[in-house]
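Please read the structure below before turning to the comments.
Derivation of every value follows stated rules applied to the coordinates shown; laboratory data play no part. Here the structure is a predicted model, which is why all the values come from computation and not from measurement. Cβ: placed from backbone, ideal geometry, glycine included. Neighbour counts: every protein chain shown.
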Amino acid sequence: MSFYAGIDGGGTGSRFVCADENGKEIYSGIGPALNGNGLSKDSFIQNIMEIVNSITKKVGSPDDCKGLAIGLAGISNVQIREGFAAAMSEAGFRNYRIYGDHETAFSAAFPEQHGILLISGTGSLCFGKRPDGMSARAGGYGHLIDDKGSAYDISIRILEAVVRAEDGRGENTVFRELVFERLGIKDIRELIGYIYSKDTSKGDIAALAPLLSEGIKRGDPVAVAIEDAVVEELNSLIFAVKKRLDYGTEVALWGSVLQKNDHIREKLEKRAGLKMFFPQEDASVGALRLAMKEV
């Protein structure tokens, strides 16, 4: 039986879905992580092989696959592309295409393939497309020089506030107590040791972002200032895309910051003056749509 497949490759796990030629779902599941920037090439190949082998065992042979699409972060990384191509070749798939994870998320949010998508998770990015196919992107250049308004950015702002309060450059903040409690540490020396440890990942730092909500609940002025700054950063992403496209009246929201922080979401919607919504489908469905339309 002929089929199509869509894969959403995540940093902690992946989702996939398969459909017949009429678009009817026939198989779905979860698989191992497919973060090409966090896995060796061999591990990446091994994990993608686990997923495609699961698909072929349940659905059909690679020859039966009329199109397979996968969404991944960091697709500019040559190793990711080479690893994916190697895995597809080894598995026997011929009709496949790799997309940025923002593209598969966009496809999930907008089945008609036009609109504006704002992502704020560990990183941040805005992507939009007009009905005529013209597209624009803002942000998403990585945590060292960008990712403003993301969980990582929030965490860095929180940590900056803690050290600035410690040496008198900034006002006292509840974040000192919250960060120390979360990390199980007692002083700034331990905090610096944790931040710069080779064992501390970008994700570990970003995981401190939910402390912002607690700071807001306690009425901390520093927390309010951080929240307002994050809203401005996210708003600038939206309007950079909207201006270039001269298009868009609503924005699809994607990512943990927007899903879990009601204050940021509500302030952003008011600041932007645009209708905002959460997509009903996940990115594996978006990948499947792309497989059926473009591969």
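In whole Hz, what ³J(HN,Hα) sequence does the stretch 231-245 give by Karplus (6.51, -1.76, 1.60; θ = phi - 60°), x for Gly and Pro?
Rounded to whole hertz, the list is 4, 5, 5, 5, 4, 5, 5, 4, 7, 5, 6, 4, 5, 5, 8.
Among L159, L234, which comes first, then next, by fewest other beta-carbon atoms within 10 Å?
Neighbour counts put them in this order, fewest first: L159, L234.
For the stretch 109-253, what is the relative contact order in percent, using Cα pairs closer than 8 Å and at least 6 residues apart in sequence?
RCO, the stretch 109-253: 34 percent.
With the contact rule set at Cα under 8 Å and sequence spacing of 6 or more, what percent relative contact order holds for the stretch 27-114?
32 percent
Cα-based count: Lys pairs in the stretch 115-278 below 23 Å, eight or more positions apart or different chains?
The result is 28.
I'd like the chymotrypsin sites (Phe, Trp or Tyr not before Pro) in the stretch 127-206 restricted to DSSP loop residues with at most 11 other Cβ atoms within 10 Å, sorted by number.
Answer in residue order: Y196.
Can you pull out the GluC sites (Glu not before Pro) in the stretch 188-295 whose DSSP state is coil and whose Cβ has at most 16 other Cβ atoms within 10 Å? It would help to have the intermediate numbers written out before the result.
On the way: sites: E190, E214, E227, E232, E233, E250, E266, E269, E281, E294; in loops: E281, E294.
When the GluC sites (Glu not before Pro) of the stretch 188-295 are filtered for loop state and at most 16 Cβ neighbours within 10 Å, E281, E294 remain.
Grab the other residues whose beta carbon is less than 12 angstrom from that of A283, score K and R as +1, D and E as -1, and report the net.
Computed value for this residue: -3.
Within a 10 angstrom radius of the beta carbon, how do K66, K270 rank from fewest other beta carbons to most?
K270, K66
As a check on your grasp of the helix formula, calculate [θ] at 222 nm for the chain: sum -39500 (n - 2.57) over DSSP H runs of n ≥ 4, divide by the residue count, round to the nearest 500. Before the final figure, lay out each step's value.
Details: 12 runs with 139 residues, N = 295.
Helices in the chain give a 222 nm mean residue ellipticity of -14500 deg cm²/dmol.
State whether the stretch 209-286 is rounded, prolate or oblate according to the following rule on the C-alpha gyration tensor (a ≥ b ≥ c being the square roots of its eigenvalues): a/c under 1.5 gives rounded; otherwise a/b larger than b/c gives prolate, and the remaining case gives oblate.
It is oblate, given that a/c is not under 1.5 and a/b is not larger than b/c.
Mean separation of Cα pairs under 8 Å and 6+ residues apart, divided by the residue count of the stretch 198-295: what relative contact order is that in percent? Each step should come with its number before you reach the end.
Numbers: 49 pairs, mean separation 24.2, N = 98.
Relative CO of the stretch 198-295 lands at 25 percent.
Please compute the net charge surrounding E233, taking Lys and Arg as +1 and Asp and Glu as -1 over other residues with Cβ under 9 Å from its Cβ.
Charge balance near E233 sits at -1.
Taking a ≥ b ≥ c as the square roots of the Cα gyration tensor eigenvalues, with a/c under 1.5 meaning rounded and otherwise prolate when a/b beats b/c, else oblate, which class fits the stretch 1-73?
It comes out prolate by the Cα gyration axes.
Students often forget the sequence filter, so: which lysines lie under 23 Å Cα-Cα from K66 once same-chain residues fewer than 8 apart are removed?
Partners found: K24, K57, K58, K293.
How do M49, M88, M1 rank when sorted from fewest to most other Cβ atoms within 10 Å of their own Cβ?
Ranked by crowding around the Cβ, least crowded first: M1, M49, M88.
Roughly speaking, what is the centre-to-centre gap between the stretch 75-143 and the stretch 198-229 when only Cα atoms are used, to the nearest Å?
Rounded to whole Å, the Cα centres lie 28 Å apart.
Can you give the % of DSSP beta bridges in the chain that are antiparallel, to the nearest 5?
55 percent
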